[in-house]
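Heads up: the structure comes next, in structure tokens.
The values are calculated or read from the model by the stated rules, or taken from the named source; none is laboratory data. What you are looking at is a predicted structure, and each value in this text was computed from that prediction instead of being measured. Cβ: placed from backbone, ideal geometry, glycine included. Neighbour counts: every protein chain shown. Please note that ligands, DNA and RNA were not included when accessible areas were found on the heavy atoms of the full protein model with its side chains. Shrake-Rupley method; radii C 1.70, N 1.55, O 1.52, S 1.80 Å.
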Amino acid sequence: MSERVALVTGAARGIGRAIALALGARGWSVVINYRGSRDAAETAAAEIGASGGEAISVQADVSQAADRDRLVEAAIAWRGGIDLLVNNAGVAPRRRADLLETSEESYDEVMAINLKGPFFLSQRIAREMIRAREAGRPGAPKIVNIGSISAYTSSISRSEYCLAKAGMGMMTQLFADRLAQHGINVYEVRPGIIATDMTEGVTEKYDRLIADGLTPIRRWGQPEDVARIIAALADDALPFSTGEVINVDGGFHMRRL
Ligand code: NAP
């Protein structure tokens, strides 16, 4: 039985799924959280099982306090603790709307899933990590937030998403600052344009932009590009770094002339 337990939110599909599989392949016991994609979550758990790893799937909406409690309790009941939290679950606005038309409903929904949920889940799990360390649980617990280039790139048709991801940037620093004294490092992994269901509706637009040189590395990112970084962090690749942002964006973040 693995002593290293990872909880990955939104891990049935896309980037979260790739992260769960990469961790499972490295011997982590993985809690696959999902909201609606039960079959896909069970398939991912079975894939990890077939490759010699261990995984369970747990339904929970990260924007709901009672669901977050249930998720954490399920993970602890399974393996006694959580050594890595990956705040991956996230949504784009249901409808892209100009900044001057953004609705309060969409703002509240995106903020609740992309920022409030991760904030309070991190708070809850950080307390557990501290308690477990004080009780002698070995290892170096960590939190990794999946941010976005939208933290600093204006997209006026999805302002609520940009605001949530910008907030996650500060959330990473706050938790990194508070948790360092407990030996818990906190990182933000900031993907660029990654081929998942989230970007499926804008494939043509991004195909064109990438071909025209939007990113120095002229290709779409794949979920596995992101997962490799999480796997390295999980393996303690950056023990003397915390609050760090790791870009996985084909070089998008550079200013260029
Ligand atoms: P995706 O393919 O649309 O998958 C999103 C995942 O989040 C799904 O597994 C979904 O679960 C889960 N989810 C959504 N709302 C949830 C909730 N309330 N509670 C629990 N899980 C929830 O998206 P993705 O592209 O993999 O995105 C993953 C993360 O990367 C997001 O935070 C996103 O903002 C970020 N990101 C993506 C890109 C990109 O280009 N794709 C770029 C930068 C950052 P169910 O299927 O079970 O509903």
Legend entry - Per residue accessible area in Å² of the chain, where ligands, DNA and RNA are left out and the probe is 1.4 Å: 49 Å²
Inset, instruction - For region 18-75, count all C-alpha to C-alpha pairs, find those more than 17 Å apart, and express that count as a whole percent of the total. - result: 36 percent
Legend entry - Portion, in percent, of the accessible area of the chain that falls on carbon or sulfur, probe 1.4 Å: 51 percent
Legend entry - Cα convex hull of region 143-188 - mean projected area over all directions, nm²: 2.8 nm²
Legend entry - Whole-number D in µm² s⁻¹ for region 150-239, Kirkwood Cα-pair radius fed into Stokes-Einstein, 25 °C, 0.890 mPa s: 162 µm²/s
Inset, instruction - Rounded to the nearest 500, what is the 222 nm mean residue ellipticity of the chain from helices alone, with -39500 (n - 2.57) per DSSP H run of 4+ residues and division by all residues? - result: -13500 deg cm²/dmol
Legend entry - Given charges at beta-carbon only (K, R positive; D, E negative), |dipole| of region 5-248 in Debye: 340 debye
Inset, instruction - Using only the alpha carbon atoms of the chain, find the Kirkwood hydrodynamic radius as the inverse mean reciprocal pair distance, in angstroms to one decimal. - result: 18.4 Å
Legend entry - Mean shadow area of region 67-142, taken as a quarter of the surface of its Cα convex hull (nm²): 5.9 nm²
Inset, instruction - Specify which residue in the list 215, 202, 247 is farthest towards the positive end of the charge dipole of region 5-248, using unit charges on the beta carbon of Lys, Arg (+1) and Asp, Glu (-1), about the Cα centre. - result: 247
Legend entry - Positive-end extreme of charge dipole, the chain - chosen from 226, 120, 56 (charges on Cβ): 226
Inset, instruction - Could you tell me whether region 18-116 comes out rounded, prolate or oblate from its Cα gyration tensor? Rule is a ≥ b ≥ c as square roots of the eigenvalues, rounded for a/c under 1.5, then prolate if a/b exceeds b/c, otherwise oblate. - result: prolate
Legend entry - With eigenvalues of the C-alpha gyration tensor scaled by 5 and rooted, region 98-155, Å: 34, 14, 5
